[in-house]
Ligand SMILES: [Zn+2]
Ligand SMILES: [Zn+2]
């Protein structure tokens, strides 16, 4: 496709801007997608920091989206007109991890430029984006672009966690942190019929957790929070499983302490702080299963679409704000304020 397009970039500390660039050209089995919906994730962190040095800019913003295929270079897994979810950039697509759907763990990242001719990947905050055909799963006809775009970081991490720990309607789950990922966790847990206790301290997020259907919200700063959580469980032994979506040592520890003996704990939130785990007390004698889950397996895409189809009303709560991309600066400021669920950008307005 000829011509130019608009994308958002970060040009300074707390400064985003729109720039024009040539529409990228697909090669090999990559396809050009016209982006219709672009959810925001953690890009506000880069916006708060700004580029490494003055004069530089951060060019690749965002990694989520939904849109339609408008151009292919050769016959491949998608065709022009397909409505697709856009995820990630350049895993190889052939190794054992990619075949298992765990493409985020692929050790053989494709050289983006070999396939696209671009020196660096275009982020998702753009009117068009290239994607490898095998990583562009098709959206069922009865699901909107907006709702389908929640498949990635809105619902994906906690969906993956629940698959890994086998969470179902018999569970009472503790979700620590009701940011956008934790909010997605509430949606997933309610869809599966579990009882949901949320630990959150920021008032806006507490209200959102309730709107999304949390059965109870506790304040993690309360010194009796573990006892409070235990009292909310049928036999007083603690929750059967916990998913950490806050990513701080205190929340990780709360998951371990509030989960009953032989329960399962899954860590979803990114964290680089060391978490002290007592092998005897936490793992041997308590028999906890402690696992980490980055995201969901692409092979479960059909099932995540099922969650989306069955959660239509709450997805319109999970999506808390919509902005034209021309107001990306305001959208990033709101994202940094933490008073939001998933914010979605319209790259064409
Ligand atoms: Zn791979
Ligand atoms: Zn994300």
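The values are calculated or read from the model by the stated rules, or taken from the named source; none is laboratory data. Values in this document were obtained by computation on a predicted structure and should not be read as measured data. Heads up, the Cβs are rebuilt from the backbone with ideal geometry, glycines too, and the neighbour counts pull from every protein chain shown.
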- Query: From the list 77, 62, which residue is at pLDDT below 95, under 23 Å from residue 130 (Cβ atoms) and within 12 Å of ligand 2 (Cβ to nearest atom)?
  - Reply: 62
- Message: Checking the condition more than 21 Å from residue 6 (Cβ to Cβ) and out of contact with any helix residue (DSSP H, G or I) (no Cβ under 7 Å at 6 or more places or on another chain), which residue from 49, 129 passes?
- Response: 49
- Query: Counting only residues that are in contact with a helix residue (DSSP H, G or I) (Cβ under 6 Å, 6 or more places away or on another chain) and assigned to a loop (DSSP other than H, G, I, E, B), which one in the range 197-219 is surrounded by the most Cβ atoms within 10 Å (Cβ to Cβ)?
  - Reply: 200
- Among the listed residues 35, 21, which satisfies the condition of being touching a strand residue (DSSP E or B) at 6+ places or on another chain (Cβ under 9 Å), in a strand (DSSP E or B) and at pLDDT 95 or above? 35
- Message: Tell me yes or no: at least one residue of the range 1-16 is within 16 Å of ligand 1 (Cβ to nearest atom), touching a residue at least 60 places away in the same chain (Cβ under 8 Å) and surrounded by 14 or more Cβ atoms within 10 Å (Cβ to Cβ).
- Response: no
- Message: When you scan the range 183-192, do you find a residue that is within 12 Å of ligand 2 (Cβ to nearest atom), surrounded by fewer than 24 Cβ atoms within 10 Å (Cβ to Cβ), within 14 Å of the chain's Cα centre (by Cα) and at pLDDT 95 or above, even just one?
- Response: no
- Does residue 176 satisfy the criteria of being away from ligand 2 (no atom under 16 Å from the Cβ), crowded, with 19+ Cβ neighbours inside 10 Å and not assigned by TED's automatic domain parsing to the domain that holds residue 307? yes
- Query: (1) more than 29 Å from residue 237 (Cβ to Cβ); (2) touching a strand residue (DSSP E or B) at 6+ places or on another chain (Cβ under 8 Å): which one isn't true of residue 252, the others all being true?
  - Reply: (1)
- Note on the structure: Counting only strands (runs of 3 or more DSSP E) wholly inside the range 227-346, the ones holding at least 3 residues that are buried (at least 18 other Cβ atoms within 10 Å of the Cβ) are 239-244, 259-267, 319-324, 342-346
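Residue by residue, here is whether (1) at negative phi; (2) in contact with a helix residue (DSSP H, G or I) (Cβ under 8 Å, 6 or more places away or on another chain) holds:
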position: 238; (1), (2): no, yes
position: 252; (1), (2): yes, no
position: 267; (1), (2): yes, yes
position: 296; (1), (2): yes, yes
position: 312; (1), (2): yes, yes
position: 342; (1), (2): yes, yes
position: 345; (1), (2): yes, yes
- Determine, yes or no, whether residue 48 is in contact (Cβ under 8 Å) with a residue 40 or more places away in the chain and within 16 Å of ligand 2 (Cβ to nearest atom). no
- Task: State yes or no: is residue 25 surrounded by fewer than 17 Cβ atoms within 10 Å (Cβ to Cβ), touching a residue at least 12 places away in the same chain (Cβ under 8 Å) and not assigned by TED's automatic domain parsing to the domain that holds residue 164?
- Result: yes
